[in-house]
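A.B. asks: Structure below; questions to follow.
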């Protein structure tokens, strides 16, 4: 058990790269670092040492920042693969008193919340005033608009609704032109005739909802000799033209807007679909912290999302495996894109501050030369595979928001 990591993490960490560097300096791999920090935090909770006494949920110490975590589905928070779970167990290392709550736990009349706290490794309910900062996954203004507006009167919300779709985002990026080289032509699905013409031109296309995520509703259509192939999830079926038109009419009748794109052959040497997630989240001093990881899907499927049965691996190992001597060039292009694009995308959404931005990047080889293609831009993203580092980034941003809030109060 390397207890030296705890004070180091608390005092010096400024993103995953710094944490990994300091862990290596102590001759422990980054994987050991994350695991040991998590175990050490749990052990601190169980020990209940007098020297590490934690203030009660109702009266936090002056140095402690109370933060509420607003969720609809509160059960998943306790699953170890989620950043939220790591946050609940490590928050005290950063003088943050974190609690979980559901919309039903909020009393607008008394302006209090019946929050769920983790105290000495036990889940404890405490009724507390609205906290200074709320990390909210709820953005639905139609159902929760009043709640969000009331919370925002006393608290700083980490996330805010974005009124955009995949098509609007594409149109914005096309008009600006700065990243035109990585954009995939995208059009709104208008009619079966339009799709049949697109198949004649491109041979393979993707149809997907204009809103949504996690690979839901993504379909691939391919033109074959005398027939068409329709692939959804891991299932493929043959259609004649009558069957294709029937399928497209059914999509047309749904109360969902769809878009289509030419298919980009971003597949591994083994034939699995993949993309690279560029994960950007605001942390220390409000600056974006960047992580890269590949997402590899089933060979018979369309998408590479982890939620759809995909998997991941170390980005450097993956790039060497797939691109050989070109891996360094590809990595540099991905890193450069990650360093520039999030703030660039932010510029289209002021005054709303984006907390997180996720870029899904496909890589297609043409004559042996890999080229990047932007599949999607996402907001409200999770941090799989680096939960501890992602939790730390959250904590640093919470502190940044509280500092901003304090300065604004002083001015007013």
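A.B. asks: Sort 320, 220, 254 by Cβ crowding within 10 Å, fewest neighbours at the top. Provide the component values of the computation, followed by the final result.
C.D. replies: Working: 320 16, 220 19, 254 10.
Fewest to most other Cβ atoms nearby, the residues stand as 254, 320, 220.
A.B. asks: What list do you get for 377, 242 if you sort them by fewest beta carbons within 10 Å?
C.D. replies: Values: 377 19, 242 8.
Ascending Cβ contact count within 10 Å gives the list 242, 377.
A.B. asks: Going by C-beta contacts inside 10 Å, put 175, 295, 111 in order with the fewest on the left.
C.D. replies: 175, 111, 295
A.B. asks: What FRET efficiency comes out for residue 335 versus residue 240 if R0 is 51 angstrom and r is the Cβ-Cβ distance? Round to the nearest 0.05.
C.D. replies: On the way: r = 47 Å, r/R0 = 0.92.
The calculated FRET efficiency here is 0.65.
A.B. asks: Using only alpha carbon pairs under 8 Å that are at least six residues apart, calculate the relative contact order of the stretch 187-262 and give it in whole percent.
C.D. replies: After rounding, I find 39 percent.
A.B. asks: OK, next. Over the stretch 298-412, calculate the relative contact order: mean separation of alpha carbon pairs under 8 Å at least 6 apart, over the residue count, as a percent.
C.D. replies: That works out to 13 percent.
A.B. asks: Could you tell me what a quarter of the Cα convex hull surface of the stretch 52-181 works out to, in nm² with one decimal place?
C.D. replies: 10.8
A.B. asks: Say R0 is 25 Å: what FRET efficiency, to the nearest 0.05, do residue 229 and residue 188 get from their beta-carbon distance?
C.D. replies: 0.60
A.B. asks: Right, next: Separation between the residue 175 and residue 313 pseudo-spin-labels, each 7 Å from Cα along Cα→Cβ, expressed in nm?
C.D. replies: Between residue 175 and residue 313, the label points sit 4.3 nm apart.
A.B. asks: Using alpha carbons only, how many angstrom separate the centre of the stretch 58-110 from the centre of the stretch 121-167?
C.D. replies: So the separation of the two Cα centres works out to 12 Å.
A.B. asks: PRE reach from residue 352 (point 7 Å along Cα→Cβ): which of the stretch 103-140 fall under 17 Å by backbone N?
C.D. replies: 135-140
Read-outs throughout are calculated quantities, based only on the coordinates presented, and are distinct from any laboratory measurement. What you see is a predicted model, and the numbers here were worked out from it, not measured in a lab. Note that we place each Cβ from the backbone using ideal geometry, even for glycine, and neighbour counts take in every protein chain shown.
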